[in-house]
Each structure stands twice: as C-alpha cells, then as structure tokens.
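Undergrad: Sending over a structure as structure tokens; questions will come in a sec.
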Amino acid sequence: VPLERLTLWSRNEPRPLRALWLENTSKLTFDKGNFSVFESGTFAGEGLVDPIHPGEKRLLSYAADQAVRVRPQPETGKREIRHVKISARGLLVKQYGVESRTTYLASNSADEPRTVVIEVPRQANRLLSPESKPAESAANLYRFRLAVPAHQSASLLVADEGIDTESWYINEDQD
C-alpha cells in the first residue's frame, strides 16, 4: 500500500511527530491494533491504529521528531468595517471584513530532507485566501505540506478571510 514518511505538526501537539501517511488501496479493511516502525534496521517508534477501510487515507504518528521545529508567526490581521445597520428597535449591527495571516517557519536539523505536514484549525465563517492551498481538508482542519531541506528552514503562509459581526442594543435607559 502507498506509504509516505513525514513530520506532523499541530497546535494541539506543539512537538513535531514522525508520522506515516498511509492509504489503503487494497480491498481489505486493516484491523485496529499496534504497529512498529523500523528505519534502516533500527527501531524508530510505535503507535496505535484504528480500522482503516478500503480507500481511506490516514496519518499515523509513532515518535517525536527531535530534528524539526515549527514556529507559528502571526501577522497583524486586517479588520475593515463593511456594513452598519441600525434597526427601529435599537439594534446596531456592524459587519467587518477580516483577514488573518500566519507564517509557519519550520527548521530541520536532520541529515535528510523532511516533508512537514502542518495542521491548521478551520475557522467558522472563514475561507482560505487564494495563496493558501492545503494538501488535504477536513471538517475541522486543513493540512498543508512543506518541504524542508536537510539543515535548512522553510516557511509557509496561511491566510484566511471572512466576515465578523458585532451587535449592540441602543437602550434609552442606559448610557
């Protein structure tokens, strides 16, 4: 079955993990259980796997990756008023266009290049900007691929945009 070794980074687990991206191209379901990984004849780690059905793709982590560091660097976002509406009942609604941008800087101290998969949470009412292209999307997150050469660093920009609203009641009995 197709298998790719990579490094996985997520805000939920800030220490990068060695992982396998496995795709079940067989007609059989892989049972749940444990697995061990050997690299160049040496034990590299182990993990647990839930059943993987035919056609499913899964990221399986098995060890900490001591050679890779990932640092998110948020930029100051944009927030511009787009629309203001005041109803007869005293409801004031402000609608903003917002954009957020974060650069992820990954450094690799290993002797071989790494592919780093960076998991970014999906935000409600936001769409990715055209320059941000994920390798995979799920209901609650995006996964971006970043190639990091041996003993070097690489960066990835993730930008999203959307609409935010704020509401207030204007009440004659209050300031």
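Undergrad: Counting just the residues of region 140-175 that are assigned to a loop (DSSP other than H, G, I, E, B) and among the aliphatic types (A, V, I, L, M), which one comes out farthest from TRP21 (Cα to Cα)?
TA: ILE170
Undergrad: Among (1) at pLDDT 90 or above; (2) open to solvent by 40 Å² or more (accessible area, probe 1.4 Å), where does GLU80 come up short?
TA: (1)
Undergrad: If you don't mind, there's one more thing I want to ask. Pick from region 142-161 the residues that are over 15 Å from VAL68 (Cα atoms) and of a type in the set (A, V, I, L, M): which of them is most open to solvent (accessible area, probe 1.4 Å)?
TA: Among those residues, the one meeting the criterion is LEU157.
Undergrad: Kindly check whether there is at least one residue in region 30-40 that is assigned to a loop (DSSP other than H, G, I, E, B), more than 18 Å from ARG143 (Cβ to Cβ) and of a type in the set (D, E, K, R).
TA: yes
Undergrad: A follow-up question, please. Search region 4-17 for residues that are of a type in the set (Val, Ile, Thr) and pair each with any residue that is not in a strand (DSSP E or B) when their beta-carbon atoms are under 7 Å apart and the residues are at least 6 apart or on different chains.
TA: Every condition considered, the pairs that remain are THR7/ASP65.
Undergrad: From the list PRO74, PRO54, which one is within 30 Å of VAL158 (Cα to Cα) and open to solvent by 60 Å² or more (accessible area, probe 1.4 Å)?
TA: The conditions single out PRO74.
Undergrad: Follow-up. Might you let me know whether region 117-139 holds any residue that is surrounded by fewer than 15 Cβ atoms within 10 Å (Cβ to Cβ), over 19 Å from the mean Cα position of the chain (by Cα) and within 20 Å of TRP21 (Cβ to Cβ)?
TA: No, region 117-139 has no match at all.
Undergrad: Right, another one. Of all residues in region 43-68, which are over 23 Å from SER137 (Cα atoms), in contact (Cβ under 8 Å) with a residue 40 or more places away in the chain and in a strand (DSSP E or B)?
TA: ALA63, ALA64, VAL68
Undergrad: Under the condition of being free of Cβ contacts under 8 Å to residues at least 40 places away in the same chain and under 23 Å from SER153 (Cα atoms), which residue from region 87-116 is surrounded by the most Cβ atoms within 10 Å (Cβ to Cβ)?
TA: For region 87-116, the residue satisfying everything is PRO113.
Undergrad: Same structure again: Applying the selection to region 23-43, what residues are among the aliphatic types (A, V, I, L, M) and within 15 Å of GLU4 (Cα to Cα)?
TA: Once the filter is applied, which keeps residues that are among the aliphatic types (A, V, I, L, M) and within 15 Å of GLU4 (Cα to Cα), region 23-43 yields only VAL37.
The values are calculated or read from the model by the stated rules, or taken from the named source; none is laboratory data. Treat the numbers as computed from the prediction; the structure is a model and nothing was measured. Backbone-built Cβ (ideal geometry, glycine too); neighbour counts: all protein chains shown. Ligands, DNA and RNA are stripped out before the accessible areas are found, and what is left, the full protein with its side chains, is counted by its heavy atoms. Shrake-Rupley method; radii C 1.70, N 1.55, O 1.52, S 1.80 Å.
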